[in-house]
1. Do you know which of the residues in the range 264-288 that are in a loop (DSSP other than H, G, I, E, B) and of a type in the set (Gly, Ala, Ser) is farthest from Ala211 (Cα to Cα)?
2. Mind telling me which of the residues Val235, Val284, Val278 ends up being closer than 19 Å to Asp199 by Cα and among the aliphatic types (A, V, I, L, M)?
3. Looking at Thr66, is it open to solvent by 80 Å² or more (accessible area, probe 1.4 Å), at pLDDT 60 or above, within 30 Å of Asp135 (Cα to Cα) and among the β-branched types (Val, Ile, Thr)?
4. Residues of the range 172-213 being among the aromatic types (Phe, Trp, Tyr) and in contact with a helix residue (DSSP H, G or I) (Cβ under 7 Å, 6 or more places away or on another chain), which ones?
5. Out of the residues in the range 45-59 that are at pLDDT below 85 and surrounded by 11 or more Cβ atoms within 10 Å (Cβ to Cβ), state the one that is farthest from Leu83 (Cα to Cα).
6. Taking the condition of being without any contact (Cβ under 8 Å) to a residue 40 or more places away in the chain, under 15 Å from Ser169 (Cβ atoms) and part of a strand (DSSP E or B), how many residues in the range 139-155 meet it?
7. Among the listed residues Leu207, Leu185, which satisfies the condition of being over 20 Å from Leu137 (Cα atoms) and among the aliphatic types (A, V, I, L, M)?
8. Just checking, does the range 113-120 include any residue being open to solvent by less than 60 Å² (accessible area, probe 1.4 Å) and either at pLDDT 80 or above or farther than 30 Å from Ala29 by Cβ (or both)?
Amino acid sequence: MSWQERLKEGVPLVDIHLFDVGGTKISVATVVTFLLICAATLLISRLLRRGLRRVLDSRGVTDEGTVGVAARLLHYTILAIGLGVGLHTIGINLTGLFAAGAVFAVGLGFAMQNMTANFVSGVILLMERSIKPGDVLEVEGQLIRVRDMGIRATVARTLDEEDLLIPNSSLVQSTVKNYTFRDSLFRLRTAVGVVYGSDMALVRRVLEKTAGDLAWRTEQKSPRILLTEFGDSSVNWEVSVWIEDPWGMRQRRSQMNEAIWWALKDAGVVIAFPQLDVHFDAPVVESLEGLRRAV
């Protein structure tokens, strides 16, 4: 008998049978109850997340990445509990439902390996907090800043103002440099080569003064000047300073290079460039001299 016929016979609307799920009859009242539980779950999740933010704020935890991760974990936990309570309340046996769908779940699992891996990796990242929104990372040789972390993928921004969607499994299964994991200090390096005839003591003094005078470097660590190698055409030096924002490393390196260029130029030190000396044997020199005379 259809629900229209039951309605004509005077059966209350809430008692009208719609369909069966796992041997459980689903009526209008059942659907309404389930929807009300879902709505209550969302409301409770929102209230608890607001309360969590207030508690963390009162305890001095103001980092948006930390607060966001905690709120998201709480949200997913409340949703899982609410869904289980809702299904149990309307009389659906979750054990029987899972057993009935086990074969389907296995087949679906093989088809969704990547999605499952990304989901599990997302949960791991949210729980470990080894990577948080706002962190500066180096992934596959590219510098990025994490903007948002989801269960399936992480949204990041590149130095070229491009948005990247990175599968969470890539962040968990590969080596990732996190420049802001414990602190935001970053060692900025640059190299410069001077000609062999330079006064190396003068070169060191100039580089030390130039690095020390950089207004944007952090005072927590002193600059480091190293003579790294004797190259084919130059004596190579490395200048390194510490900065507090890894995201601005390219701009800061450019400013440091310019400062080194002008400082060495004012000190009369020549920055080397590749050179090649060609020496001819005596017979070759005599032949070239004979050709010149013949011309």
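The values are calculated or read from the model by the stated rules, or taken from the named source; none is laboratory data. None of these values were measured; they are calculated from a predicted model. Every residue, glycine among them, receives a Cβ derived from its backbone with ideal geometry; neighbour counts consider all protein chains shown. Each accessible area value is taken on the protein alone, full model and side chains, heavy atoms only, with ligands, DNA and RNA left out. Shrake-Rupley method; radii C 1.70, N 1.55, O 1.52, S 1.80 Å.
1. First pass over the range 264-288, keeping only residues in a loop (DSSP other than H, G, I, E, B): 267-270, 272-281.
This time we only want the ones that are of a type in the set (Gly, Ala, Ser), so: 267-268, 272.
Values: Ala267: 15, Gly268: 18, Ala272: 20 Å.
My answer is Ala272.
2. Working: Val284 fails: closer than 19 Å to Asp199 by Cα; Val278 fails: closer than 19 Å to Asp199 by Cα.
Answer to the selection: Val235.
3. Working: open to solvent by 80 Å² or more (accessible area, probe 1.4 Å): no; at pLDDT 60 or above: yes; within 30 Å of Asp135 (Cα to Cα): yes; among the β-branched types (Val, Ile, Thr): yes.
No, not satisfied.
4. Taking the range 172-213 and keeping what is among the aromatic types (Phe, Trp, Tyr), we get 179, 181, 186, 196.
Tyr179, Phe186, listed by residue number.
5. In this case the residue turns out to be Asp57.
6. Count: 3.
7. So the residue among Leu207, Leu185 that is over 20 Å from Leu137 (Cα atoms) and among the aliphatic types (A, V, I, L, M) is Leu207.
8. Narrowing the range 113-120 to residues open to solvent by less than 60 Å² (accessible area, probe 1.4 Å): 117-118.
The next check asks that each one be either at pLDDT 80 or above or farther than 30 Å from Ala29 by Cβ (or both); those that pass are 117-118.
Among the residues of the range 113-120, at least one is open to solvent by less than 60 Å² (accessible area, probe 1.4 Å) and either at pLDDT 80 or above or farther than 30 Å from Ala29 by Cβ (or both), which makes the answer yes.
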